[in-house]
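The values are calculated or read from the model by the stated rules, or taken from the named source; none is laboratory data. None of these values were measured; they are calculated from a predicted model. Methodologically, a virtual Cβ is constructed for each residue, glycine included, from the backbone with ideal geometry; neighbour enumeration extends over all protein chains shown. Surface accessibility is based on the protein's heavy atoms, side chains included, excluding ligands, DNA and RNA. Shrake-Rupley method; radii C 1.70, N 1.55, O 1.52, S 1.80 Å.
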Amino acid sequence: MSSTQLSGDGAADAARPATLAMKFEVTTLPVADVDRAKAFYQRLGWRLDIDFNPTPDTRGVQFTPPGSPASIQFGQGTTTMTEPLQRLLLIVEDIDAAREDLISRGVEVSEVFHNEPGKGPAPGPDPQRRSYLTLAAFADPDGNQWILQEVTERLPGRV
């Protein structure tokens with residue numbers, strides 16, 4: 001039996017930038033009731049991409065948030081995950097408008113809070129309105145937690 005060494009210097013390989021495009025497109029959410037979850041995400045105004053039964057024992061549903069290149073999937077017989085996902089980030093330009101929109105759709109959304117660097121969460125928006133620090137949270141009926149994160153100026157290299 002032979003083995004192939006994958007790299008000579010792990011540190012040098014880790015620092016080398018990737019040259020092939022790899023796009024994150026979908027994440028799977030654990031849900032107990034597919035129809036209840038579908039109704040929730042429809043109420044958010046997200047685009048229903050597909051709802052199909054690839055086999056008699058499975059069902060897949062996919063939604064895409066407005067303006068997002070990434071989607072969520074859930075279904076029946078499609079995952080063994082049972083624990084809800086936490087801190088799924090939804091990037092918004094205006095957290096107050098996004099929060100009000102969700103509330104108008106019947107979603108319970110936390111009050112706006114911010115992360116005080118070195119201290120942790122504090123009530124209200126970031127006093128200096130720095131990008132990435134102002135947040136609000138909500139959850140779907142299965143406890144999958146979403147975080148609205150206000151981003152008004154991207155870090156260098158981000159689009």
Exercise. Going by the structure shown, is Gly157 of a type in the set (Gly, Ala, Ser) and open to solvent by 60 Å² or more (accessible area, probe 1.4 Å)?
Worked result: yes
Seminar exercise, completed: In the set Gln76, Gln128, the lone residue that is over 18 Å from Phe138 (Cβ atoms), out of contact with any strand residue (DSSP E or B) (no Cβ under 6 Å at 6 or more places or on another chain) and open to solvent by 90 Å² or more (accessible area, probe 1.4 Å) is Gln128
For this session: Look at region 105-141 and say how many of its residues are closer than 14 Å to Thr152 by Cα, part of a strand (DSSP E or B) and either of a type in the set (A, V, I, L, M, F, W, C) or over 19 Å from the mean Cα position of the chain (by Cα) (or both).
Result: 1
Problem set entry | Residue within region 33-45 that is modelled with pLDDT of 95 or more, over 14 Å from Phe63 (Cα atoms) and not polar (S, T, N, Q) present | yes
Exercise. Can you tell me which residue in region 79-93 is nearest to Leu133 (Cα to Cα), limited to those that are surrounded by fewer than 11 Cβ atoms within 10 Å (Cβ to Cβ) and hydroxyl-bearing (Ser, Thr, Tyr)?
Worked result: Thr82
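Residues of region 34-50 being part of a strand (DSSP E or B) and either surrounded by fewer than 13 Cβ atoms within 10 Å (Cβ to Cβ) or at positive phi (or both), which ones? Explain how you work it out, then say what you get.
Looking only at region 34-50, we keep the residues that are part of a strand (DSSP E or B), and these are 47-50.
If the condition is that a residue be part of a strand (DSSP E or B) and either surrounded by fewer than 13 Cβ atoms within 10 Å (Cβ to Cβ) or at positive phi (or both), then Leu48, Ile50 are the ones that fit.
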For this session: Could you figure out which of (1) in a loop (DSSP other than H, G, I, E, B); (2) open to solvent by 50 Å² or more (accessible area, probe 1.4 Å) isn't true of Val31?
Result: (2)
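Might you check whether a residue that is within 23 Å of Phe52 (Cα to Cα) and open to solvent by 50 Å² or more (accessible area, probe 1.4 Å) occurs anywhere in region 94-111?
Start the filter on region 94-111 by keeping residues that are within 23 Å of Phe52 (Cα to Cα), which leaves none.
So far as region 94-111 goes, no, none of its residues is within 23 Å of Phe52 (Cα to Cα) and open to solvent by 50 Å² or more (accessible area, probe 1.4 Å).
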Exercise. On the given criteria, is Pro69 free of Cβ contacts under 8 Å to residues at least 40 places away in the same chain and not in a helix (DSSP H, G or I)?
Worked result: no
